[in-house]
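Trainee: Sharing a structure, written as structure tokens. Questions coming.
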Amino acid sequence: MNALLAADLPYWVQSLLRVLGGLVAVLLPAGTIVYLFLFKMMSFMQSRLGPMEAGPYGSMQLFAEVGKWLQKEDITPARADRTIFKIAPLVVLASTFLLVAVVPFGPDAWFTNFEAGVFYMLAVSSVSVLGILIAGWSSANKYSLLGGLRAAGQLIAYELPMVLAVIGVIIQAGTMNLQGIVVAQNGGEIFGWNGLGNPYILTQFTGFIIFMIAVQAELTQTPFDMPIAESELVSGYMTEYSGFRFLTFFIAEFATAGVFSLIASVLFLGGWGVPFAWFDWKSIDDISDWMNVVGPLIMFTKMMVLAFVIMWVRFSYPRFREDQLQRFAWKVLIPISLVNIMITAILKVAF
Amino acid sequence: MIAADLLVAQNVGFGIISLLMIVAALRVVTVKNVVHAALWLVIVLSGAAAQYLLLSAEFVAITQILVYVGAVMVLFLFGTMLTRARIGAESDLNNKNWALGIPVALLMLGVMSYVIIDGFGSERLIENPGDMTQVPVQVISDDIFGPYLLPFWALSFVLLVAVIGAIVLARKD
């Protein structure tokens, strides 16, 4: 263990540092994604400039938006179920924070080092469905309820391909620990050549594509944004929310995009690591301490690339119809990922 | 047992979580709204997951969250919201046979206690709570696919039958 992180600090200082680190790891990607991709990139793709007034090149726009949301009136519909209406956005955001707890950022820079990290990630990401469902129900609005139900149906359907896509990676790495998966990729070799490690995007390309499609659906980003389809359902389960509570949903959406990009980069792109052969590291104990600083930066870069892809798809495609969406999950993605698991298992035994 | 043995963090945590679970379980059957009852049930099930974590049975805890909170309760809420889930109190939620539940619950409690005491007796999980280590997932899978392979197959078969049954029920033609 690193001396800085664990040796002499009392338990409460460690916990405090972890909470602060978790806040940074959730809010920083969310802010970057919203400004860089949602404000600027979308504008350029649509041949306009986007926000230009607040700060140089509109860079302070984010703070202006947050300020605007914070000062808006907090409205609860008269017929709504008040307590649950107020809890629902927090459940969704809590799921994001629980998700980031398991992501490793460096050889010693992690929040928790779960033995069954991948499994934990899949379990916790499904908690947000609960928040969305009760948000839709408690709003006492038919559009909201319909949006919540659509979201639940979609999230359940796309959770399966996600789990199945990850199983290929688990089989290949031989561990469910995310740290172990990073080490297995960077310490690996391709037919005896170890100059690049063995990032699983090469061997598990099918799994990677399925995982990214499932992430797009879990985030309800545009080809899969049936739950908040504005031309049919106003704004789905978020219709009745205003001010700070809407901001909570908004942050949760883009923070989860960031966290899922982080997880995808850990599973398929080698995570925080550089190929160990470059510096003659044999195992995780040999790794120099400076990787704890460089690792998060590498992770952040990979996260930005994957988030860029998610947003790119979001701005490019029209939305699915509800039946197309369900058929695509059950009849295309799930069979392909099952075949992928079978082939991976056979090759694992063969080599 | 002396007080120093009882007041370790695990025991305090166990007490707090159990209290929360008992209160939530009572609310499940007394609350006047179907959705509220389901949400209290979520707290009971998550509490069970937290208890497993305290016993450093991490894999079981995560399975509990994945299966019960992530799937069963979502399906439950989905079903009630599709059919009938009014906002506010409802009066006719009590079944007239509710008293029958009490002896059944007591019987279950007796059977489960007997099984646990008979199975483990005076065995303790570990001598020193400080030495608690996580059980590797590999050990669990070796057990499932080794000595417990036949029960595992039987369970899979039952689930397969359930899936086919659901398809048969859902098909109109």
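Trainee: Could you please state, rounded to a whole Å, how far the C-alpha centre of segment A:40-83 is from the C-alpha centre of segment A:282-335?
Mentor: Here the answer is 25 Å between Cα centres.
Trainee: Given axes a ≥ b ≥ c from the Cα gyration tensor, I'd like to know whether the protein assembly as shown is rounded (a/c under 1.5), prolate (a/b larger than b/c) or oblate.
Mentor: Rounded shape, in that the Cα axes give a/c under 1.5.
Trainee: Moving to a separate point now. Taking 25 Å as R0, compute the FRET efficiency from the Cβ-Cβ separation of A:Ser288 and A:Glu189 and round it to 0.05.
Mentor: Once the sixth-power term is evaluated, E becomes 0.75.
Trainee: So, one more: Cα gyration tensor of segment B:37-84, axes a ≥ b ≥ c as square roots of the eigenvalues: rounded (a/c below 1.5), prolate (a/b > b/c) or oblate?
Mentor: oblate
Trainee: Show me, for segment A:268-285, the HN-Hα J-couplings you get by feeding each phi into the Karplus relation (A = 6.51, B = -1.76, C = 1.60, θ = phi - 60°), rounded to Hz, glycine and proline as x.
Mentor: The phi angles translate into 10, 10, x, x, 6, x, 10, x, 5, 5, 4, 10, 6, 7, 9, 9, 5, 6 Hz.
Trainee: Between exposed GluC sites (Glu not before Pro) in chain A, where DSSP calls loop and at most 15 other Cβ atoms lie within 10 Å, what's the longest gap?
Mentor: In chain A, the maximal stretch lacking such sites is A:190-351.
Trainee: While we're looking at this one, here's another question. Compare B:Met21, B:Met108, B:Met81 in a GNM of chain B, Cα atoms joined below 10 Å, and give the one with the largest fluctuation.
Mentor: Answer for the Gaussian network model of chain B: B:Met108.
Trainee: I would also like to ask the following. Just need the relative contact order of segment A:3-350 here, percent rounded to a whole number, with Cα pairs under 8 Å and 6+ apart.
Mentor: 24 percent
Trainee: Per residue of segment A:155-163, in order, report the coupling 6.51 cos²θ - 1.76 cosθ + 1.60 (Karplus, θ = phi - 60°) as ³J(HN,Hα) in whole Hz, putting x for Gly and Pro.
Mentor: Along segment A:155-163, the couplings run 5, 5, 5, 8, 5, 4, x, 4, 4 Hz.
Trainee: Report the calculated FRET efficiency for A:Arg82 and B:Ser18 (r = Cβ-Cβ distance, R0 = 30 Å), to the nearest 0.05.
Mentor: Efficiency computed from Cβ-Cβ geometry: 0.55.
Trainee: Given a Förster distance of 51 angstrom, what is the FRET efficiency for A:Asp74 paired with A:Ala350, based on the Cβ-Cβ distance and rounded to 0.05?
Mentor: My answer for the efficiency is 0.25.
Trainee: Still on this model: Using the structure shown, select from A:Lys331/B:Lys172; A:Lys282/A:Lys302; A:Lys142/B:Lys32; A:Lys86/A:Lys331; A:Lys40/A:Lys302 the pairs with a Cα to Cα distance greater than 27 angstrom.
Mentor: Pairs exceeding the cut-off: A:Lys86/A:Lys331.
Trainee: Turning to a different aspect of this structure: Please report the spacing between the Cα centers of segment A:123-176 and segment A:7-34 in Å, no decimals.
Mentor: First find each Cα centre; the distance between them is then 26 Å.
Trainee: What list of ³J(HN,Hα) values in whole Hz, one per residue of segment A:136-145 in order, does the Karplus curve 6.51 cos²θ - 1.76 cosθ + 1.60 (θ = phi - 60°) give from phi, with Gly and Pro shown as x?
Mentor: Ordered by residue, 3J(HN,Hα) equals x, 5, 6, 6, 6, 9, 5, 5, 4, 4 Hz.
Trainee: With a ≥ b ≥ c the root eigenvalues of the C-alpha gyration tensor of segment A:166-245, is it rounded (a/c under 1.5), prolate (a/b larger than b/c) or oblate?
Mentor: Prolate, since a/c reaches 1.5 and a/b exceeds b/c.
Quick note: the coordinates plus some simple rules give every number you see, no bench work behind them. What you see is a predicted model; the values in this text were computed from it and never measured. Here the Cβ is made from the backbone with ideal geometry for all residues, glycine too, and neighbour counts use every protein chain on show.
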